[in-house]
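The values are calculated or read from the model by the stated rules, or taken from the named source; none is laboratory data. Owing to the predicted nature of the structure, the values given are computational and were not obtained by experimental measurement. So basically every Cβ, Gly included, is an ideal-geometry build from the backbone, and we count neighbours across all protein chains shown.
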Amino acid sequence: MDKFSTHTGTALPLRRSNVDTDQIIPAVYLKRVTKTGFEDGLFAAWRNDPSFVLNQPQYAGASILVPGPDFGTGSSREHAVWALQNYGFKVVIGSRFADIFRGNSGKAGLVVGVVDQKIIEELWDFIEEHPSAPLTVDLVERQITAEGFQADFEIDYYTRWRLLEGLDDIGLTLRSADLIDQFEQTRPAFKPKTLPARVAS
Amino acid sequence: MGRTLSEKVWDDHVVRAAEGEPDLLYIDLHLVHEVTSPQAFDGLRQAGRPVRRPDLTLATEDHNTPTLNIDQPIADPVSRTQVQTLRNNAAEFGVRIHSLGDLDQGIVHIIGPQLGLTQPGLTVVCGDSHTATHGAFGAIAFGIGTSEVEHVLATQTLPQARPKTMAVNVHGELPVGVTAKDIVLALIAKVGTGGGQGYIVEYRGSTIEALSMEGRMTICNMSIEWGAKAGMMAPDETTFAYVKGRPHAPEGAEWDAAVEYWKTLRSDDDAVFDAEIDLDASQLSPFVTWGTNPGQGVPLAASVPDPETFADEADRTAAKKALEYMALTPGQKMRDINVDTVFLGSCTNGRIEDLRAAAEVIQGRQVADTVRMLVVPGSARVRLQAESEGLDIIFKEAGAEWRAAGCSMCLGMNPDQLAPGERAASTSNRNFEGRQGKGGRTHLVSPLVAAATAVTGHLSAPADL
Ligand code: SF4
């Protein structure tokens, strides 16, 4: 995973709450076996509507998404994160996210920052007034800044550290392989195993 | 101070704990399906890593599979590739798989319990948000993303921050015609879709204790619909009786050792939860949704609410959007809403008890001319069991379609989908926009309401027949 420290880009205000992962990418788009090519399915149900914010020319090329509260609820599909990344988003700033979505983002390298809904409202107003104004998201300082705008965001300590260092979670865990071995020695014998397969009599 | 049920199970799985870091949890059972796993297996291949514990891993095909002509190759080539990819990965990495046509194929959350692999005190994960279903056995069970699937495949562990704890106390006797589904729909309507965020929830109280395992699974299944990390219930004699004798249940001395341990899995009397919610089950009635999230529900006897009466502005806006999508008007009686399709199935209500309950209502009656009813058993074995009881005949004679096992119309991915504008009464768990097919409209209901609705053609309870 690439290291992330700061990102500068324009932002897109998504004034909707409760955007679940079925809205971010509907199930029919989940058939691919790769992590790429999901951009077509992003917000698919709304994409045909010319007034949908993603279709508005002033926001073309935006890389920072600013949705309403409870973004990413519902299905655990990481395809939602890939679709956002495939489309070009590097950062999502919102006031409330579903746990699984936030977890998936952290693993896949999409930065998810949390701020108060009041700040989101201010940010929406700011972006709509200055759609081409670049915003800088600084993960080290946990700050979003633009000319005439500044706010702190929250991200959990561990995820931030991993993103800053660009660390692969699996590699990190495998450093504790001996602890996993030891733990396995203590597991009770009655715990179930899937193999060898047993069938109902 | 005492510990809660979830804290006990959690503590028993901590491989590594350090200040400022998430705990590293050991995973006892990892369930895998075709949609959220291909990229994870790919990651393993690229890094040259094996599956650490194939013997704690189980794969099945459910989301992207058809429920008709399952003896034929899957018609959609992209779906066929995805399913074939899982088969290839399972063969390459030594993972047990239950493919279409196999006796133990079915929805991932139905086959775990059915095989006796889901047991009290386990940690269970799956790349699917309804994994909380397994919490009904007193397991910590939660959905994960594909990166985490890869992590578990490679290490059999997962770094996890310890969630807060919540108790949902449900007391009182359920009125006739009111089911586990109605409890959980009423709960979500009360607390909202974000009410459980950050918590592992323990459902407890006399009402829960009186439920069958099927009913308990229905409730735990929908934990994610109000944002909870996981939902669980203390194992008791009902749980033990359900597990005993299943293919992977412990036997002999191991059974005794297991039960002795399982009996310790309850919240201590002096345990303190971070939050508690009370619900009086005796006041409940059949519950149905009117909107596009599972929290937008009312009793069947009520009317479509007026968004203007909502105090919270965000709720008001969401309700207006939902009514527009659902093509409903405030004040319209829920019972007056006509449906085109009734879907009986899914990991929420696709178990044998659900099919029996619906069959009892349907028996000797006819599905309305204006309605198509799909009955989709949650697993191949549920289907067989139902057929051995003659339930398939009851459904078919009533005019319903009897299908093969899978997720089917719960999500708009396989061939079973709603057409744009079509309206369904569905026993599944999500009424999101387009969830059951682009432009489709979903009302979440219990199996009893689904069956009665199929007969009348509009949202109904068995008492209306
Ligand atoms: S039945 Fe529905 S909710 Fe359950 S696993 Fe399948 S798609 Fe997910």
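Of everything in segment B:128-149 that is within 7 Å of chain A (Cβ to nearest Cβ) and touching a Leu at 6+ places or on another chain (Cβ under 8 Å), the residue that is nearest to the ligand (Cβ to nearest atom) is B:128. Scanning segment B:90-113 for residues that are farther than 23 Å from residue B:26 by Cα, more than 14 Å from the chain's Cα centre (by Cα) and more than 8 Å from chain A (Cβ to nearest Cβ) turns up B:91, B:92, B:98, B:99, B:100, B:101, B:102, B:105.
This table checks each residue for (1) charged (D, E, K, R); (2) crowded, with 22+ Cβ neighbours inside 10 Å; (3) in a helix (DSSP H, G or I).
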position: B:271; (1), (2), (3): no, no, no
position: B:276; (1), (2), (3): yes, no, no
position: B:318; (1), (2), (3): no, yes, yes
position: B:321; (1), (2), (3): yes, no, yes
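For segment B:397-405, check the following and say yes or no: at least one residue is more than 14 Å from every other protein chain (Cβ to nearest Cβ) and part of a strand (DSSP E or B). Taking every residue of segment B:397-405 in turn, at least one turns out to be more than 14 Å from every other protein chain (Cβ to nearest Cβ) and part of a strand (DSSP E or B).
All told, residue B:454 falls short of being more than 14 Å from every other protein chain (Cβ to nearest Cβ), in a helix (DSSP H, G or I) and within 16 Å of the ligand (Cβ to nearest atom).
Checked against the criterion of being within 12 Å of another protein chain (Cβ to nearest Cβ), part of a helix (DSSP H, G or I) and of a type outside the set (D, E, K, R), the candidates A:163, A:172 yield just one match: A:172. Of the residues making up segment B:361-382, those that are away from chain A (no Cβ under 14 Å) and within 16 Å of the ligand (Cβ to nearest atom) number 5.
Criterion applied to B:306, B:312 was being more than 28 Å from residue B:219 (Cβ to Cβ) and surrounded by fewer than 15 Cβ atoms within 10 Å (Cβ to Cβ), and the one residue passing it is B:306.
Count of segment B:217-237 residues, restricted to those that are free of Cβ contacts under 8 Å to residues at least 40 places away in the same chain and out of contact with any Ser or Thr (no Cβ under 7 Å at 6 or more places or on another chain), is 2.
Out of curiosity, is residue B:399 free of Cβ contacts under 8 Å to residues at least 60 places away in the same chain, away from the ligand (no atom under 14 Å from the Cβ), on the phi > 0 side of the Ramachandran plot and of a type outside the set (Asp, Glu)? Yes: the conditions hold for residue B:399.
Kindly indicate whether any position in segment B:419-429 is part of a helix (DSSP H, G or I) and in contact with a Cys (Cβ under 9 Å, 6 or more places away or on another chain). Scanning segment B:419-429 turns up no residue that is part of a helix (DSSP H, G or I) and in contact with a Cys (Cβ under 9 Å, 6 or more places away or on another chain). Only residues that are surrounded by 14 or more Cβ atoms within 10 Å (Cβ to Cβ) and of a type in the set (D, E, K, R) were counted in segment A:129-151, giving 2. Might you let me know whether segment A:62-84 holds any residue that is surrounded by fewer than 16 Cβ atoms within 10 Å (Cβ to Cβ) and modelled with pLDDT of 95 or more? No, because not a single residue in segment A:62-84 is surrounded by fewer than 16 Cβ atoms within 10 Å (Cβ to Cβ) and modelled with pLDDT of 95 or more.
Here is a yes/no grid of residues against (1) within 14 Å of chain B (Cβ to nearest Cβ); (2) touching a Phe, Trp or Tyr at 6+ places or on another chain (Cβ under 6 Å); (3) farther than 18 Å from residue A:38 by Cβ; (4) without any contact (Cβ under 8 Å) to a residue 24 or more places away in the chain:
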{"residue": "A:57", "(1), (2), (3), (4)": "no, no, yes, yes"}
{"residue": "A:62", "(1), (2), (3), (4)": "no, no, no, no"}
{"residue": "A:75", "(1), (2), (3), (4)": "yes, no, no, no"}
{"residue": "A:84", "(1), (2), (3), (4)": "yes, no, no, no"}
{"residue": "A:92", "(1), (2), (3), (4)": "no, no, no, no"}
{"residue": "A:107", "(1), (2), (3), (4)": "yes, no, no, no"}
{"residue": "A:115", "(1), (2), (3), (4)": "no, yes, yes, no"}
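Within segment B:405-451, the set of residues being of a type in the set (A, V, I, L, M, F, W, C), more than 21 Å from residue B:68 (Cα to Cα) and within 14 Å of the ligand (Cβ to nearest atom) comprises B:432, B:444.
The residue list B:13, B:63 contains one member that is within 16 Å of the ligand (Cβ to nearest atom), farther than 14 Å from residue B:150 by Cα and not polar (S, T, N, Q), which is B:63. I want to confirm something. Restricting to segment B:324-352 and keeping residues that are within 16 Å of the ligand (Cβ to nearest atom) and part of a helix (DSSP H, G or I), which single residue is surrounded by the fewest Cβ atoms within 10 Å (Cβ to Cβ)? Result: B:352. Residues in segment B:14-33 that are in contact (Cβ under 8 Å) with a residue 24 or more places away in the chain and more than 14 Å from residue B:163 (Cα to Cα): B:15, B:26, B:27, B:28, B:29, B:30, B:31, B:32, B:33. If you go through segment B:211-253 and keep only what is assigned to a helix (DSSP H, G or I), away from chain A (no Cβ under 14 Å), away from the ligand (no atom under 16 Å from the Cβ) and among the aliphatic types (A, V, I, L, M), you end up with B:213, B:241. Looking only at segment B:362-373, decide whether some residue is hydroxyl-bearing (Ser, Thr, Tyr) and surrounded by 24 or more Cβ atoms within 10 Å (Cβ to Cβ). No, every residue in segment B:362-373 fails to be hydroxyl-bearing (Ser, Thr, Tyr) and surrounded by 24 or more Cβ atoms within 10 Å (Cβ to Cβ).
From the list B:241, B:230, the lone residue that is of a type outside the set (Asp, Glu) and touching a helix residue (DSSP H, G or I) at 6+ places or on another chain (Cβ under 8 Å) is B:230. Among the conditions (1) hydrophobic (A, V, I, L, M, F, W, C); (2) within 11 Å of chain B (Cβ to nearest Cβ); (3) within 10 Å of the chain's Cα centre (by Cα), the only one that residue A:28 does not satisfy is (3).
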